[in-house]
Amino acid sequence: MIDKKAPPRYTPAKPVTIATLLEMKRKGLKIAMLTAYDFPTARLAEEAGVDVILVGDSVGMTKLGYTSTLPVTVEEMLHHTKAAARGSVRALIVADMPYLSYEVDPKEALRHAGRLIKEGGAHAVKVEGGMEIAATVKELLKVNVPVFGHLGLTPQAVNRLGGYRVQGRRPEDAERILTEARVLEGAGCCAVVLECVPSELAKEVTKRLQIPTIGIGAGPHCDGQVLVSDDLLGLSENGPTKFVKRYADLRAVALKAVGEYCREVRDGSFPGPEHSFTSKA
C-alpha cells in the first residue's frame, strides 16, 4: 500500500558536470556547494538541491577528532569519498587532496588523485595553493583529472599563516591572490575556492576569471558558496564563525533525543509493548 503522507521520491535532474558549472557562471546562476563525508549526508544534500558535494579534508576536524586538517591521510579521504559518492547520482563530487599528497612529487599527486577518481568515485579533486602548484595542476589535467583550486585562507598552511585568519587585506596580499587566481586558471583549474578574503577582493577575482569562484567567508559576489555541513546544520560543538550561517540546531535536538532515550532506558519505560515482540506470530 502506498503511504500518501510519505514525501515524494527525489527524481534527479541531469547530472552536474564541469561544463554545467561553467555554464552557470556565464548565465549568472549561483552554485550551491556543501561538504558531505558519508552516504546519508550526501543523499540529503543532493535531495535538497546541492550542485557540488565537497568531500573536504575538514572531515579530520568534524568527524575524526583531529585539531586541524593536517593529519588527514589519503586512505581516510578515499574512505569518505567512496561513501559520499555512493549517496549521489546528480551532484558533482569533489574530493580534497590531503596535506602532502600532492605538493612534493607530481607523480605522487597523479597517483593519489587517480585513486580518488577511480576508486573513490570523485569527479574532481581540490588542491590548495597558487603558483607553487600550477605545474602539478597541469600534470593532473594531462590524465584528465579536473582540478579545483583554493586560495586565501588555506587550512593546510595554518602553521605558516599563524592561525585561521582573513587573508588579502593588505594591497600586496590582495594583488598576490589576484595573480595566483589567474595562474590557476591558466594552469587549467575548472574553479577556485576563495576562503576568508575581503568581499571586495573576491568580487574582483570573480570578475577577472572565466572559471567559477566558490566563496567561504568571501562575501556575496562569488559565483557560488560552500559551507561545512556540520556548521550549517548546527552539529558543531563550538559556536559558528563569522561567515557561517546556522540554518538549524541539530546538536540541541540530538542531545534532547539521546537524553530522553537514556532516561527511558533507566526508568524502564523503553522498550514498551509497542516496541516488543510476543510469542504469537
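Residues checked against (1) out of contact with any Lys or Arg (no Cβ under 9 Å at 6 or more places or on another chain); (2) not aliphatic (A, V, I, L, M):
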residue	(1), (2)
L235	no, no
P240	no, yes
C262	yes, yes
P273	yes, yes
A281	yes, no
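Scan the range 56-96 for residues that are closer than 23 Å to A134 by Cα, free of Cβ contacts under 8 Å to residues at least 40 places away in the same chain and among the hydrophobic types (A, V, I, L, M, F, W, C) and the total you get is 1.
Only one entry in V137, V145 is among the β-branched types (V, I, T), part of a loop (DSSP other than H, G, I, E, B) and more than 19 Å from I216 (Cβ to Cβ), namely V145. The listed residues are G219, G234, G168, G188, and the only one of them that is modelled with pLDDT of 95 or more, in contact with a Pro (Cβ under 7 Å, 6 or more places away or on another chain) and on the phi > 0 side of the Ramachandran plot turns out to be G168.
Here are some residues: S58, S101. Which one is touching a helix residue (DSSP H, G or I) at 6+ places or on another chain (Cβ under 7 Å) and of a type in the set (S, T, Y)? Matching residue, one of S58, S101: S101. None of L184, L250, L178 is of a type outside the set (D, E, K, R) and over 17 Å from H150 (Cβ atoms) except L250.
Among the residues examined, V74 does not qualify as farther than 18 Å from L153 by Cα and surrounded by fewer than 18 Cβ atoms within 10 Å (Cβ to Cβ).
Look through the range 222-256, keep the residues that are β-branched (V, I, T) and touching a strand residue (DSSP E or B) at 6+ places or on another chain (Cβ under 7 Å), and return whichever of them is nearest to V55 (Cα to Cα). The extreme case among them is V228.
Rundown of residues vs (1) more than 21 Å from Q210 (Cα to Cα); (2) at pLDDT 95 or above; (3) surrounded by fewer than 18 Cβ atoms within 10 Å (Cβ to Cβ), yes/no style:
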site	(1), (2), (3)
A124	no, yes, no
V127	no, yes, no
A135	no, yes, yes
P155	yes, yes, no
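Of everything in the range 118-143, what is acidic (D, E) and in contact with a Lys or Arg (Cβ under 8 Å, 6 or more places away or on another chain)? Give them in sequence order. Result: E119, single match.
Total residues in the range 96-126 satisfying the condition of being on the phi > 0 side of the Ramachandran plot and either more than 18 Å from the chain's Cα centre (by Cα) or not small (G, A, S) (or both): the figure is 1. Of the residues A218, A191, A181, the single one that is under 14 Å from I133 (Cα atoms), aliphatic (A, V, I, L, M) and in contact with a strand residue (DSSP E or B) (Cβ under 9 Å, 6 or more places away or on another chain) is A181.
The values are calculated or read from the model by the stated rules, or taken from the named source; none is laboratory data. It should be emphasised that the depicted structure is a prediction, and the values quoted were computed from it without experimental measurement. Note: ideal-geometry Cβ built from the backbone for every residue, glycine included; neighbour counts use all protein chains shown.
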